[in-house]
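Each remark here refers to the structure printed beneath this line.
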Amino acid sequence: MLHGDTVHRIHWVLNTDRLLGVCHCGAEHESEDPVELWDWLLAHPDGHERPPAGGSPRPERQLAGV
Amino acid sequence: MTTFARNQWYVAAYGREIGRELFPRTILGEPIVFYRTEAGEAVALADRCVHRRYPLSESRLDGDRIVCGYHGFTYDQSGTCVSVPGQGRIPRTARVPSYPLVEQDSFVWVWIGDRDRADPALVPRAPWLDDPAYTTVSGMEPLAARYELLVDNLMDLSHETYLHGGYIGTPEVANTPITTEVDEENEIIYVSRHMADAECPSFYAKSTGIEGRITRWQDIEYHPPCLYLLHSRIAPVGVLPNDDGTDPDAFHVEVVYAITPETEHSTHDFWAVARDFALGDEEVSAFLAESNRTVVLQDVTALDILEKVVENERDGYQELSVNIDTGGLAARRFLKRMIERGERPAAEPAAAVRT
């Protein structure tokens, strides 16, 4: 797992076709298109707002079912 | 515009390949001759005599000096010409470029770019390859395809299910979601695929002795442009690492690739498999070496085909990227950035991070 202040994460939401992008600033965005999601992540800070405190927790890496 | 990222370290060879014989290898389009001095130090010089461009690799060593096989121009290990046939004066320009080298983790790394920008501390590590706690098998296959195709291939392991079925591929690989992490500042890409309950491919069943289904983790760590690490963890289903991080009941395999462009259309495909079990077991080593080479050659066959397709396609062909390509897209972006940065003069460093 990578650490640091400039790490982008993209989670494949389990049991869906959606990707959840998490910017290094904490902003999140969902997409079904990795190209579109990368464009959004790299556009930081345009359109990036931190998720509200107490909102849904960021998904941690977990074992994927098969 | 070049498709190579200059001012980077690349694996040129395994240390075992370089000895007292002159050894040619082209890296990023640059013909280079390698050898070891009598003291054992590896040397890399441009493989063209300054006189009439005869390959120095087709010449001979005299002590630590190369004597050109055509007219006898003689070069020391710094590339300086120390003897010209028939005359005492040695022209000021009579020298061939030498290349900075670092020997580390069983590899010989070469710096392709401006000499004064070569920093040995930037060479990425693959410590398992030279660690007595691991047993390693390794090789290199020539690939008649551009290096970008190999990067694409290795960044998306879902292809294992289809291209390497029966060897390392099982249905779960393609069917298991991935997590992609990208460190923008340090230019590292991490792609994780953790399979909780998967079929055990023969590659791991025969080498570990595990019977039945497995927990299989694949964690890719790519240090573009050259070094690709696949941290592979194999254990019986449900066996996880301890809370303190120790993992005594799993089998660990570190699969290492070094992706070194030879020309615009060919690549040196270095591969190594290091394991922390069956240490020194020659039967297991022979099986893993043969199996991994088979898998690499399956990739080589496919990518050689793909290279011809790409070479002959019309401009502007529109690819389609899907979820499995998330890490590969990041790799392409880093490589593009490195290519652009490598072309800039040293006084104009690139901003590495978008903020």
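General remarks:
- B:CYS200 passes every criterion in (1) outside any loop (DSSP other than H, G, I, E, B); (2) more than 20 Å from the chain's Cα centre (by Cα); (3) not small (Gly, Ala, Ser) apart from (1).
- Matching residues, segment B:80-95, being part of a loop (DSSP other than H, G, I, E, B) and surrounded by 15 or more Cβ atoms within 10 Å (Cβ to Cβ): B:ILE90, B:ALA94
- Condition met for B:ILE234 (in contact with a strand residue (DSSP E or B) (Cβ under 8 Å, 6 or more places away or on another chain) and either within 12 Å of chain A (Cβ to nearest Cβ) or charged (D, E, K, R) (or both)): no
- Within segment A:1-24, considering residues that are modelled with pLDDT of 95 or more and more than 8 Å from chain B (Cβ to nearest Cβ), the one farthest from the chain's Cα centre (by Cα): A:ARG18
- Single unsatisfied condition, B:SER202 versus (1) touching a strand residue (DSSP E or B) at 6+ places or on another chain (Cβ under 7 Å); (2) more than 26 Å from A:VAL35 (Cβ to Cβ): (1)
- Per-region count, segment B:76-114, residues closer than 19 Å to B:ALA13 by Cα and not β-branched (Val, Ile, Thr): 14
- Exclusive hit being touching a Lys or Arg at 6+ places or on another chain (Cβ under 9 Å), part of a helix (DSSP H, G or I), at pLDDT below 95 and not hydrophobic (A, V, I, L, M, F, W, C), set B:GLU160, B:GLU172: B:GLU172
- Any hit, segment B:58-80, residues being out of contact with any strand residue (DSSP E or B) (no Cβ under 9 Å at 6 or more places or on another chain) and in contact (Cβ under 8 Å) with a residue 60 or more places away in the chain: no
- Every condition in (1) assigned by TED's automatic domain parsing to the domain that holds B:GLU283; (2) surrounded by 19 or more Cβ atoms within 10 Å (Cβ to Cβ); (3) aromatic (Phe, Trp, Tyr) is met by B:TRP109 except one, and the failing one is (1).
- When the criteria are applied in full, B:ARG213 fails the requirement of being closer than 26 Å to A:LEU2 by Cβ, within 14 Å of chain A (Cβ to nearest Cβ) and basic (Lys, Arg).
- Condition check for B:LEU279: surrounded by 11 or more Cβ atoms within 10 Å (Cβ to Cβ), assigned by TED's automatic domain parsing to the domain that holds B:GLY165, in contact with a helix residue (DSSP H, G or I) (Cβ under 6 Å, 6 or more places away or on another chain) and modelled with pLDDT of 95 or more: no
Yes or no, residue by residue, for (1) outside the structural domain of B:LEU143 (by TED's automatic domain parsing); (2) touching a helix residue (DSSP H, G or I) at 6+ places or on another chain (Cβ under 8 Å); (3) modelled with pLDDT of 90 or more:
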| residue | (1), (2), (3) |
| --- | --- |
| B:ASP299 | no, yes, yes |
| B:ASP304 | no, no, yes |
| B:VAL309 | no, no, yes |
| B:ASP315 | no, no, no |
| B:VAL322 | no, yes, yes |
| B:GLY327 | no, yes, yes |
| B:MET338 | no, no, yes |
| B:ALA351 | yes, no, no |
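- Restricting attention to segment A:25-38 and to residues that are in a helix (DSSP H, G or I) and among the aliphatic types (A, V, I, L, M), the residue that is farthest from the other protein chains (Cβ to nearest Cβ) turns out to be A:LEU37.
- Odd one out for B:MET155, checked against (1) touching a residue at least 60 places away in the same chain (Cβ under 8 Å); (2) farther than 26 Å from B:PHE334 by Cβ; (3) crowded, with 20+ Cβ neighbours inside 10 Å: (2)
- Hits in segment B:168-205 (condition: closer than 18 Å to A:TRP12 by Cα, of a type in the set (A, V, I, L, M, F, W, C) and within 7 Å of chain A (Cβ to nearest Cβ)): B:ILE178, B:VAL182, B:MET195, B:ALA196
- From B:ALA258, B:ALA274, B:ALA330, residue being buried (at least 17 other Cβ atoms within 10 Å of the Cβ), of a type in the set (A, V, I, L, M) and in a helix (DSSP H, G or I): B:ALA330
- Inspection of segment B:133-141 identifies no residue that is more than 14 Å from chain A (Cβ to nearest Cβ), surrounded by 22 or more Cβ atoms within 10 Å (Cβ to Cβ) and outside any loop (DSSP other than H, G, I, E, B).
The values are calculated or read from the model by the stated rules, or taken from the named source; none is laboratory data. What you see is a predicted model, and the numbers here were worked out from it, not measured in a lab. Methodologically, a virtual Cβ is constructed for each residue, glycine included, from the backbone with ideal geometry; neighbour enumeration extends over all protein chains shown.
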